[in-house]
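Everything on this sheet refers to the single structure shown next.
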Ligand SMILES: [Zn+2]
């Protein structure tokens, strides 16, 4: 089968996505609406959202992300984000997703976490009840908020357990605080039934990935592509089976790893487990199928594309995601 045929087939196949953030899945039209409601000049129209979706640096992206959060005025606004996200999953035939939700950000915006959690839970539960697929949550702490704020995320999960949460990870600026400072946080995960994941190797290089592996022992790494510069680390990753949840458009938009010379295929061909995701599809203007198309443009074979699709299910933290459905899955609206 030619790669073009493989991509057409992929559009119809049930897929898994393991690295996307709730706030980043917002539809540009929702952002414009929220900005109008707040009488904010931040996102006057769709073109403004598109322009900001190419920030050119991680700092630029984090500022965009803060601006999105600034427009949220009540816990119910998170239902808009969750509905945008589930609509995206349905359209993309993504039948299993692990979604980063950030209690630290919710509290910083000024909302009680249990209220927001309940709002998001209702939307995710309705998506599942309608038979569109499964969603699991990765509780997200922000690396540059520091270890105390990360402990606070776990305190919230102890106080108000969210059964849908299956993992815990660090996002944000990976260079701001070293991985070893979070050892005591990650030690608590097993007791809470949360699997460890971490963002690393996005702005950071091999050292950052090696430190994350050494101190936090993640099951998967979000991005991780910075590891490619060190062949011995790549071999170690391949042996470990730790999957990298790679997001090509995101890397290009933040300028961390431009598409020209992107190491994803080198990593894959060295035996590293690679999955493909969108990270913040609403802000970056991409879809999961779009990411597969980009990978094909970089030179992935049909076999590699379908291998990555399978890897998405294999690397799921929840058993609910590990069963790859047959291709003849029902047509999703
Ligand atoms: Zn991410």
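Read-outs throughout are calculated quantities, based only on the coordinates presented, and are distinct from any laboratory measurement. Because the structure is a prediction, the values reported are computed rather than measured. Cβ sites come from the backbone with ideal geometry, for glycine too, and all protein chains shown count toward neighbours.
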Next on the checklist: Given contacts defined as C-alpha pairs under 8 Å and at least six residues apart, what's the relative contact order of the stretch 1-70, whole-number percent?
Outcome noted: 26
Item to check | Highest-MSF residue in the chain out of 319, 55, 28 [GNM, Cα springs under 10 Å] | outcome: 319
Checklist entry - P(r) of the chain in 20 Å steps, Cα pairs, percent per bin? => result 33, 62, 5
Checklist entry - So how far, in whole Å, is the C-alpha centre of the stretch 243-274 from the one of the stretch 77-100? => result 23
Next on the checklist: What percentages make up the Cα-Cα pair-distance distribution of the stretch 10-105 when the bins are 5 Å wide from 0?
Outcome noted: 2, 12, 22, 22, 20, 13, 6, 2, 0
Item to check | Between the stretch 12-55 and the stretch 152-215, the Cα center-to-center distance that results, in Å | outcome: 26
Checklist outcome for this item: the chain, Gaussian network, Cα under 10 Å: of 218, 103, 178, the residue fluctuating most is 178
Checklist entry - What translational D, rounded to a whole number of µm²/s, comes out for the stretch 135-264 from Stokes-Einstein when the hydrodynamic radius is the Kirkwood one over Cα pairs, at 25 °C and 0.890 mPa s? => result 165
Checklist outcome for this item: Among 114, 41, 75, the residue with the largest mean-square fluctuation in a Gaussian network model of the chain built from Cα contacts under 10 Å is 41
Item to check | Value of relative contact order over the chain, rounded to a whole percent, pairs C-alpha under 8 Å and six or more apart | outcome: 23
Checklist outcome for this item: Taking every DSSP bridge whose two residues both lie in the chain, the antiparallel percent to the nearest 5 is 0
Item to check | the stretch 80-189: C-alpha pair distances exceeding 15 Å, % | outcome: 64
Next on the checklist: Can you compute the FRET efficiency between residue 259 and residue 8 using 1/(1 + (r/R0)^6), with r the Cβ-Cβ distance and R0 = 25 Å? Round to the nearest 0.05.
Outcome noted: 0.70
Item to check | Along principal axes, Cα extents of the stretch 57-99, largest first, whole Å | outcome: 31, 29, 15
Checklist entry - In units of 2.2 N^0.38 Å, what is the alpha-carbon radius of gyration of the stretch 143-213? => result 1.09
Next on the checklist: With N set to the number of residues, divide the alpha-carbon radius of gyration of the stretch 49-129 by 2.2 N^0.38 Å and report two decimals.
Outcome noted: 1.18
Item to check | Full-stretch length increase - residue 151, residue 323 - with 0.36 nm per residue and alpha-carbon distance subtracted | outcome: 58.7 nm
